Every structure is written in structure tokens, then in C-alpha cells.
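Reading through the C-alpha cells given below for one structure.
No value in this document is a laboratory result; all are computed from the given coordinates. In this text the structure is predicted, and so the values were computed from the model without any measurement. Because the Cβ atoms are built from the backbone with ideal geometry, glycine has one as well, and the counts that use them run over all protein chains shown.
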Amino acid sequence: MPRLTSEELLAARDRLVPDVLGDGLSVLFCGINPGLMSAATGHHFARPGNRFWPVLHRSRFTPRQLKPSEQQELLRYGLGVTNVAARATARADELSDEELREGGRLLAAKVERLRPRWLAVAGVTAYRTAFHERTAAVGPQERAIGGTRIWVLPNPSGLNAHWTVAGMAEEFARLRSAAGLGADDDGSVAPD
């Protein structure tokens, strides 16, 4: 991962990061919005403290831990990545509720077009706002978008101290098992 200056990171504010999408996805992972490191590099979940890539591997979605720069490899496993809001910010709390609601509308249209089996939203607070589901909790949701089921995952940001890597990996593994992915569908996680 290249070292970026503060100026380079600040210049990435409001940039967009292209989605990683394909037909026939089993799971479309959805972050809240790109951070500045992601916008500067063009890679999802690129900030070094973000736990998405380690948790994805530990929950056995991928056979090894991918680097953000290898994000296109996700398609080989029937996985994709997008965001609720497209605009890059330093922190997710810089987004307005209206941006998240509009992002939810655009995300629903994207899901209707692509029809992944599961939409996995990483961030319960953003999900609640984007989809007007005030009482939503982490886990499978009653709501569906067409034939796509929805699972809310913990936010893998390093700023989310409520969840450990192990706890997140267990929740991701529950989704993997529900989606019927991986060699072992018992929902287990890989050992450290």
C-alpha cells in the first residue's frame, strides 16, 4: 500500500470508488461510503485499520486474505462490493441522513438490476437510515429487495470498537453459511 500524504488524502474527498460488480453474485457487500484512503487508491476498504479483508478471510469467504488492490479477485468467489453513499469522506458521520436515504434508493435499484442472492450491508446505523428501519439489528433482515435477501453486518472500520475481529468473523461466517458458500457450510471461522 503506498504511503499517501495528508494533501493527497484530502484531495480524494468527494471522489468516487468504482464498484466491484458482476452477474450472478452470491453476496454483494456494501460499505457505508468510501474513506479517503479508498478514494485515493481506488480500492474498497483500503485504510490499513479497516478489518474487512482480514474478517472476510477469517470467515472463510476467501481462501486467503486479499489486499485491497486485489479486490477484483472477489468476483471469482461470487462476491462484489459497493457502498450506500458514493461520496468519499474522512468519516462516515460526515454524510447527511438525506445522502444515506438517497444512497439506499440507488442501492435498491442496483440490487434490483444485478439480483445478487444476498446484500450484506456493513454498518447497522447506516442501514437503519438508508432503509428507514429504525429497529434493525445485525443479522438477517425481514426486508428483501426483489429476490435478494439482506444481512446487516458490523461495520469493519477500525473506529468500531464494539466488535472484535473474532466477533465480526463469526457474524460474517453466519452469512457465508446462510448463503451456502465455502467448502464447509457450518458457519465456522478459520483459526488465527
Residue 113 to residue 76: extension gain in nm, 0.36 nm per residue of separation minus the Cα-Cα distance? 11.3 nm
State which stretch of the chain is the longest one without any exposed trypsin sites (Lys or Arg not before Pro), exposure meaning a DSSP loop state and at most 11 other Cβ atoms within 10 Å. 65-133
Modelled label-to-label distance, residue 67 and residue 21, 7 Å Cα→beta-carbon offset: nm? 2.7
Looking only at 98, 133, 171, which one moves most when the chain is put into a Gaussian network model with springs between Cα atoms under 10 Å? 98
How many angstrom separate the Cα center of the range 18-40 from the Cα center of the range 89-110? 13
Given charges at Cβ of Lys, Arg, Asp, Glu: the range 52-105 dipole, positive-most of 62, 72, 85: 62
Net charge dipole size for the chain [Lys, Arg +1 and Asp, Glu -1 on Cβ; Debye, nearest 20]: 180
Starting from the eigenvalues of the Cα gyration tensor, five times each then square-rooted, give me the equivalent ellipsoid semi-axes of the range 65-111, largest first, whole Å. 25, 15, 6
Mind checking which of 92, 161, 130 has the largest fluctuation in a GNM of the chain, springs on alpha carbons under 10 Å? 161
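Estimate the FRET efficiency between residue 4 and residue 161 by the formula 1/(1 + (r/R0)^6), using the beta-carbon distance for r and 30 Å for R0, to the nearest 0.05.
Working: r = 25 Å, r/R0 = 0.82.
Efficiency, rounded to the nearest 0.05: 0.75.
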Using only the alpha-carbon atoms, what does the range 1-115 span along each of its principal axes? Please give whole angstrom values in decreasing order. 37, 33, 19
